[in-house]
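Structure record follows, encoded as structure tokens.
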Amino acid sequence: MTSARSGSMLGELPLQANGTRQGFAGSVGSDPLQSVDPAVWALIHGDRERHTRTLNFIASENYTSQAVLECLSSHLNVKYAEGYPGARYYQGVGQVDDIEQLAIDRARELFGAEHANVQPYSGSPANMATYFALIQPGDTILGMDLSQGGHLTHGSPVSFSSKLFKAEHYSVDPGTELLDHDQVEAVAKRVQPRLIIAGASAYSRIIDWKAFRDIADRVGALLVADIAHIAGLVAAGVHPSPVPFADAVTTTTHKSLRGPRGALILCKAEHAKAIDRAVFPMLQGGPHLSAIAAKAVCFKEAMEPSFRVYQERVASNARALAEGLMRGGIQVVSGGTENHLLVIKLLDREYSGKAFARALERTGIITSFSTIPGDPRKPGVGSGVRFGTPAVTSRGADERQMQRVAEIIAAAAEDPTDEAALDRLRIEVEVIARELQSV
Ligand code: PLP
């Protein structure tokens with residue numbers, strides 16, 4: 001978020017002709033980018049301006065705090081520390097051991113978990129490490145189908161998860177578009193998975209973790225909960241936590257949790273060694289200590305009472321948007337939302353999700369297209385558009401503004417090819433964007 005840029009502790013640090021630095025690389029607050037590389041500087045600032053003038057409804061994006069960003073641009077970028085706190089393959093790790101331990105302790109406290117690994121570079125490697133830790137290549141995994149709202153790493157044909165494991169899928173009920181635990185259990189009994197994955201990228205309802213645990217127990221499978229999207233809601237107690245039920249829980253830290261790009265694995269103590277070994281040395285090398293410091297800050301921020309207020313507002317804004325859209329004649333998958341996202345379905349329209357997402361971009365509403373349950377269109381275009389409220393809520397958006405956005409989306413949906421109409425709607429979007437905090 002915007003704040004006055006603090007001055008460099010040591011001033012500008014240009015590279016000298018011999019390639020060495022005059023001072024301390026990465027001093028907190030130093031900003032030589034504009035002089036070193038005006039082209040990249042201009043592109044970054046242009047993109048920041050784009051964010052400020054538009055409304056970001058991409059469900060997986062969020063604006064993190066300046067404190068988190070400060071960690072990411074700190075000198076910690078320099079450090080190699082393969083291993084774990086107290087057991088490293090490098091020297092000079094006293095402070096970074098403390099940083100990683102702080103991040104681990106805070107993650108455990110925040111989510112009430114027995115063990116935490118804060119090193120995964122991102123959500124996909126976190127899932128890969130978790131599967132490597134818990135099962136063997138060739139074992140059967142059972143996850144939500146990508147076209148129904150699951151993630152690539154839950155067994156998609158194009159992902160490592162189906163190349164290294166035998167991937168099977170469950171779906172939502174075609175009528176209600178809700179998870180149907182009887183159907184999940186029937187599939188589980190048929191395919192006998194070693195591992196069941198609960199969690200999704202585009203499912204807008206509360207997930208019943210205990211129901212998944214019971215199914216896993218009945219077929220003798222392990223249970224992994226992937227809360228990449230809803231981690232902020234879970235941390236704040238606005239969505240039930242899977243931690244008591246799952247053998248392991250994976251999450252990104254950069255979506256609703258509002259931290260740095262990265263991920264986190266939580267697990268029962270019995271799986272701690274296997275998870276740690278799977279992250280390093282099996283899958284990753286040196287941990288990114290700047291990101292780990294930023295995760296520690298993110299977990300601290302998520303323990304503040306204001307974080308719960310924020311997450312409640314994320315959910316109430318999503319509800320207001322869904323209700324406004326339905327009032328405007330737009331269908332919403334499963335008829336609403338209980339979390340931070342919703343997916344509209346365009347089965348009754350002659351244009352695809354991709355075409356509509358492009359039209360919305362012209363109005364300044366930034367989204368991502370997706371498939372919907374039972375989608376007749378190809379995944380490359382889809383019949384859905386996914387909207388999430390974490391980013392606009394971080395900028396201070398409220399339910400009244402969500403209602404206005406819903407009206408703009410409904411107006412755009414009348415004829416997404418009418419560029420003049422879209423350009424007129426863009427003016428209304430900019431008015432709302434100007435009411436919000438800048439990025
Ligand atoms: N799991 C889920 C449910 C996701 O939605 C995502 C990302 O969108 C991931 C895992 C992967 O995260 P990353 O993009 O950081 O690899």
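The values are calculated or read from the model by the stated rules, or taken from the named source; none is laboratory data. All of these numbers come straight from a predicted model, not from anything done at the bench. Neighbour counts are summed over all protein chains in view; Cβ atoms, including those assigned to glycine, are modelled from backbone coordinates with ideal geometry.
Does residue 203 qualify as being crowded, with 17+ Cβ neighbours inside 10 Å, of a type in the set (Phe, Trp, Tyr) and farther than 19 Å from residue 124 by Cα? No.
Looking only at the stretch 91-110, which residues are crowded, with 22+ Cβ neighbours inside 10 Å and under 21 Å from residue 274 (Cα atoms)?
Of everything in the stretch 91-110, those that are crowded, with 22+ Cβ neighbours inside 10 Å and under 21 Å from residue 274 (Cα atoms) turn out to be 100, 103, 104, 107.
The set of residues in the stretch 274-293 being out of contact with any Lys or Arg (no Cβ under 9 Å at 6 or more places or on another chain) and either free of Cβ contacts under 8 Å to residues at least 12 places away in the same chain or assigned to a helix (DSSP H, G or I) (or both) consists of 274, 275, 276, 277, 278, 279, 280, 281, 282, 283, 292, 293. Only one of 140, 176 is at pLDDT 95 or above, over 22 Å from residue 267 (Cα atoms), assigned by TED's automatic domain parsing to the domain that holds residue 213 and among the β-branched types (Val, Ile, Thr); which? Being at pLDDT 95 or above, over 22 Å from residue 267 (Cα atoms), assigned by TED's automatic domain parsing to the domain that holds residue 213 and among the β-branched types (Val, Ile, Thr) holds for just one of 140, 176, which is 176.
Which of the residues that make up the stretch 180-211 are within 14 Å of the ligand (Cβ to nearest atom) and assigned to a strand (DSSP E or B)?
Passing the criteria: 197, 198.
All conditions but one from (1) surrounded by 23 or more Cβ atoms within 10 Å (Cβ to Cβ); (2) of a type in the set (A, V, I, L, M); (3) in a helix (DSSP H, G or I) apply to residue 411; the one that does not is (1). Return the residue satisfying two criteria in turn: it lies in the stretch 130-162 and is of a type in the set (A, V, I, L, M), crowded, with 19+ Cβ neighbours inside 10 Å and more than 12 Å from the ligand (Cβ to nearest atom), and of such residues it is farthest from residue 196 (Cα to Cα). Only one residue tops the list, namely 133. Which of the residues spanning the stretch 384-422 are over 22 Å from the mean Cα position of the chain (by Cα) and of a type in the set (S, T, N, Q)? Answer for the stretch 384-422, where residues must be over 22 Å from the mean Cα position of the chain (by Cα) and of a type in the set (S, T, N, Q): 401, 403, 417.
The residues of the stretch 60-108 that are touching a Lys or Arg at 6+ places or on another chain (Cβ under 6 Å) and not assigned by TED's automatic domain parsing to the domain that holds residue 298, listed by number, are 60, 62, 64. Of all residues in the stretch 261-274, those satisfying the criterion of being surrounded by 24 or more Cβ atoms within 10 Å (Cβ to Cβ) and within 12 Å of the ligand (Cβ to nearest atom) are 262, 263, 264, 265. I want to confirm something. Restricting to the stretch 353-381 and keeping residues that are part of a helix (DSSP H, G or I) and not basic (Lys, Arg), which single residue is surrounded by the fewest Cβ atoms within 10 Å (Cβ to Cβ)? Only one residue fits best here, namely 361.
Where in the stretch 41-137 are there helices (runs of 4 or more DSSP H), lying fully within it, with 1 or more residues that are farther than 28 Å from residue 397 by Cβ?
94-111, 123-134
Out of 211, 236, 188, I need the residue that is closer than 30 Å to residue 292 by Cα and either surrounded by 21 or more Cβ atoms within 10 Å (Cβ to Cβ) or without any contact (Cβ under 8 Å) to a residue 40 or more places away in the chain (or both). Which one? Exactly one of 211, 236, 188 is closer than 30 Å to residue 292 by Cα and either surrounded by 21 or more Cβ atoms within 10 Å (Cβ to Cβ) or without any contact (Cβ under 8 Å) to a residue 40 or more places away in the chain (or both), namely 236. The residues of the stretch 294-311 that are of a type in the set (Ser, Thr, Tyr) and in contact (Cβ under 8 Å) with a residue 12 or more places away in the chain amount to a single one, 310. Within the option set 246, 225, being in contact with a Phe, Trp or Tyr (Cβ under 7 Å, 6 or more places away or on another chain) and within 13 Å of the ligand (Cβ to nearest atom) holds for one residue only, 225.
Exactly one residue out of 338, 350, 323 is free of Cβ contacts under 8 Å to residues at least 12 places away in the same chain, of a type in the set (D, E, K, R), outside any strand (DSSP E or B) and farther than 30 Å from residue 102 by Cα, and it is 350. Checked against (1) farther than 24 Å from residue 239 by Cα; (2) away from the ligand (no atom under 12 Å from the Cβ); (3) in contact with a helix residue (DSSP H, G or I) (Cβ under 8 Å, 6 or more places away or on another chain); (4) part of a loop (DSSP other than H, G, I, E, B), residue 176 meets all criteria but (1). From the list 397, 412, 421, pick out the single residue that is out of contact with any Phe, Trp or Tyr (no Cβ under 9 Å at 6 or more places or on another chain) and without any contact (Cβ under 8 Å) to a residue 60 or more places away in the chain. 421 is the lone residue from the list that is out of contact with any Phe, Trp or Tyr (no Cβ under 9 Å at 6 or more places or on another chain) and without any contact (Cβ under 8 Å) to a residue 60 or more places away in the chain.
For (1) assigned to a helix (DSSP H, G or I); (2) more than 30 Å from residue 392 (Cβ to Cβ), each residue gets a yes or a no:
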site: 223; (1), (2): no, yes
site: 239; (1), (2): no, no
site: 259; (1), (2): no, no
site: 272; (1), (2): yes, yes
